[in-house]
Amino acid sequence: TLKWQALTKTIARFEAIKLVIPINLGEHSYDITLERGAIKKAAEIFGIKGKVLIVTDSGVPRQYAETVAAQFSESHIFTFPQGEKNKNFDTYKSICQALLDNSFTRKDAVVAVGGGVAGDMSGFAAATYMRGIDFYNIPTTVLSQVDSSIGGKTAIDFCGVKNIIGAFHQPGGVIIDPEVLSTLSPRLIKNGLAESLKMGMNFNKELFSLFKDENYMDNIDKIIELSLRIKKDVVEKDEKESGLRKSLNFGHTIGHGIEGSLENEELFHGECVALGIPPMCGESIREEVVSVIKNIGLPTEFDFQREKVKSIISHDKKSGKGTISVVRCDEIGTFYFEEMTTDEIMNLI
């Protein structure tokens with residue numbers, strides 16, 4: 001409760017802050033606008049001229065999509081049921097159907113308003129409808145604000161494997177409005193911070209150290225900014241995940257295995273990533289890392305279905321010939337890649 005109150009106070013401090021962070025990718029370049037209240041200026045910031053399909057899910061407060069829709073001369077809102085289980089072909093088909101039914105052309109655009117699932121679904125539909133139309137993102141969760149909304153990775157899940165079907169489709173712009181975080185539950189706040197922790201462990205000791213403070217929520221503004229700048233740097237150096245960008249999968253090999261094994265979505269994505277981090281840490285830092293994960297309020301233990309998790313890990317999209325390229329960390333602020341078999345990964349858990 002105290003940390004939640006601290007977050008509310010911190011969000012208020014964003015009022016005077018406006019940052020425009022450019023993502024420099026040649027013809028695919030775009031800006032991230034970090035500003036309190038920016039969702040109310042989406043049309044001005046994005047400069048979209050045609051029709052807009054706003055894609056959101058049932059877990060996102062309706063007023064956010066309606067606020068965006070009201071700014072355009074012709075807009076349509078498509079809402080799908082919330083949850084990772086709906087990141088599938090059926091939802092993808094429904095979004096494309098909405099685009100077709102409303103006669104969208106290549107002059108029009110899709111705008112995601114929601115978390116990572118909404119962003120992935122919207123981006124993949126935009127990437128494939130008429131071989132690609134414009135896509136913009138307004139993330140409304142911590143997880144999507146610090147990570148998934150940036151970089152152009154779009155996908156859907158298939159046959160229990162996360163993000164196995166997708167495309168790289170960079171957004172035309174991203175709006176990060178910290179004000180929308182005030183409607184999130186404390187659990188969802190913590191869920192998103194797992195992605196920031198991951199980046200701090202691999203790239204930035206200062207970011208990692210912020211989570212060691214019992215009142216880390218006082219630094220939520222700094223956490224978001226540092227995370228954005230890390231993601232920016234990585235994406236600019238490796239847009240299509242051919243090398244450096246794979247480092248952002250730290251904690252995800254095991255995390256995706258656990259997440260895919262769940263039947264009732266008992267855990268959120270970030271909670272699964274948190275579970276996947278300690279096994280990939282060196283012994284000298286593992287105890288400290290577990291302590292920090294607990295301080296955030298994320299899980300470090302879970303009773304998972306071993307064989308099911310193993311099966312999902314074996315289909316990891318980062319697999320090579322008989323091995324999987326995993327990200328490991330022996331010292332805070334650093335990382336390295338290691339080729340491991342599925343059995344070797346399971347032995348680390």
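One residue stands out in the stretch 91-118 among those that are of a type in the set (Ser, Thr, Tyr) and in a helix (DSSP H, G or I): the one that is least open to solvent (accessible area, probe 1.4 Å), namely 91. In the stretch 189-209, the residue that is nearest to residue 286 (Cα to Cα) out of those that are buried (at least 23 other Cβ atoms within 10 Å of the Cβ) and aliphatic (A, V, I, L, M) is 201. Among the residues of the stretch 264-274, are any free of Cβ contacts under 8 Å to residues at least 24 places away in the same chain, surrounded by fewer than 24 Cβ atoms within 10 Å (Cβ to Cβ) and either within 17 Å of the chain's Cα centre (by Cα) or over 21 Å from residue 323 (Cβ atoms) (or both)? The answer is yes, given that some residue of the stretch 264-274 is free of Cβ contacts under 8 Å to residues at least 24 places away in the same chain, surrounded by fewer than 24 Cβ atoms within 10 Å (Cβ to Cβ) and either within 17 Å of the chain's Cα centre (by Cα) or over 21 Å from residue 323 (Cβ atoms) (or both). Among the residues making up the stretch 275-287, those that are in a helix (DSSP H, G or I) and open to solvent by less than 10 Å² (accessible area, probe 1.4 Å) are 276, 280. Residues that are touching a residue at least 40 places away in the same chain (Cβ under 8 Å) and farther than 23 Å from residue 298 by Cβ were ranked within the stretch 230-245; the one that is surrounded by the fewest Cβ atoms within 10 Å (Cβ to Cβ) is 240. In this structure, residue 177 does not qualify as under 25 Å from residue 121 (Cα atoms), of a type outside the set (Phe, Trp, Tyr), open to solvent by less than 40 Å² (accessible area, probe 1.4 Å) and without any contact (Cβ under 8 Å) to a residue 24 or more places away in the chain.
The set of residues in the stretch 125-147 that are open to solvent by 40 Å² or more (accessible area, probe 1.4 Å) and either of a type in the set (Lys, Arg) or touching a residue at least 40 places away in the same chain (Cβ under 8 Å) (or both) comprises 131, 134. Remark: pairs (first residue in the stretch 248-259, more than 18 Å from residue 230 (Cα to Cα); second residue basic (Lys, Arg) and not in a helix (DSSP H, G or I); Cβ separation under 8 Å; 6+ apart in sequence or on different chains) = 253/318; 256/162; 259/162.
Can you confirm whether residue 186 is at pLDDT below 95 and crowded, with 23+ Cβ neighbours inside 10 Å? Considered against the rule, which asks whether it is at pLDDT below 95 and crowded, with 23+ Cβ neighbours inside 10 Å, residue 186 comes out as no.
Any residue that is under 21 Å from residue 167 (Cβ atoms) and assigned to a loop (DSSP other than H, G, I, E, B) - is there at least one of those in the stretch 69-90?
Yes: one or more hits.
Determine whether the stretch 317-335 contains at least one residue that is at pLDDT below 95 and among the aromatic types (Phe, Trp, Tyr). Within the stretch 317-335, none of the residues are at pLDDT below 95 and among the aromatic types (Phe, Trp, Tyr). Looking at (1) open to solvent by less than 30 Å² (accessible area, probe 1.4 Å); (2) in a helix (DSSP H, G or I); (3) of a type in the set (A, V, I, L, M), can you tell me which one residue 290 breaks? (1) is the only condition that residue 290 fails.
Output the residues belonging to the stretch 119-151 that are over 12 Å from residue 174 (Cα atoms), of a type in the set (A, V, I, L, M) and in a loop (DSSP other than H, G, I, E, B). Listed by number, the list holds a single entry, 133.
For residue 296, state whether it is in contact with a Leu (Cβ under 6 Å, 6 or more places away or on another chain), surrounded by 18 or more Cβ atoms within 10 Å (Cβ to Cβ), of a type in the set (Val, Ile, Thr) and in contact (Cβ under 8 Å) with a residue 24 or more places away in the chain.
Working: in contact with a Leu (Cβ under 6 Å, 6 or more places away or on another chain): yes; surrounded by 18 or more Cβ atoms within 10 Å (Cβ to Cβ): yes; of a type in the set (Val, Ile, Thr): yes; in contact (Cβ under 8 Å) with a residue 24 or more places away in the chain: yes.
Yes; evaluated as a whole, the condition is true for this residue.
Of all residues in the stretch 299-334, those that are open to solvent by 60 Å² or more (accessible area, probe 1.4 Å) and of a type in the set (A, V, I, L, M, F, W, C) total 1.
Being over 26 Å from residue 45 (Cβ atoms) and within 16 Å of the chain's Cα centre (by Cα) narrows it down to one residue among 202, 163, 215; which is it?
Numbers: 202 fails: within 16 Å of the chain's Cα centre (by Cα); 215 fails: within 16 Å of the chain's Cα centre (by Cα).
From the options 202, 163, 215, the qualifying one is 163.
The values are calculated or read from the model by the stated rules, or taken from the named source; none is laboratory data. The structure displayed is predicted, hence computed values, not measured ones. Here the Cβ is made from the backbone with ideal geometry for all residues, glycine too, and neighbour counts use every protein chain on show. Heads up: the accessible areas ignore ligands, DNA and RNA and are worked out on the full protein's heavy atoms, side chains in. Shrake-Rupley method; radii C 1.70, N 1.55, O 1.52, S 1.80 Å.
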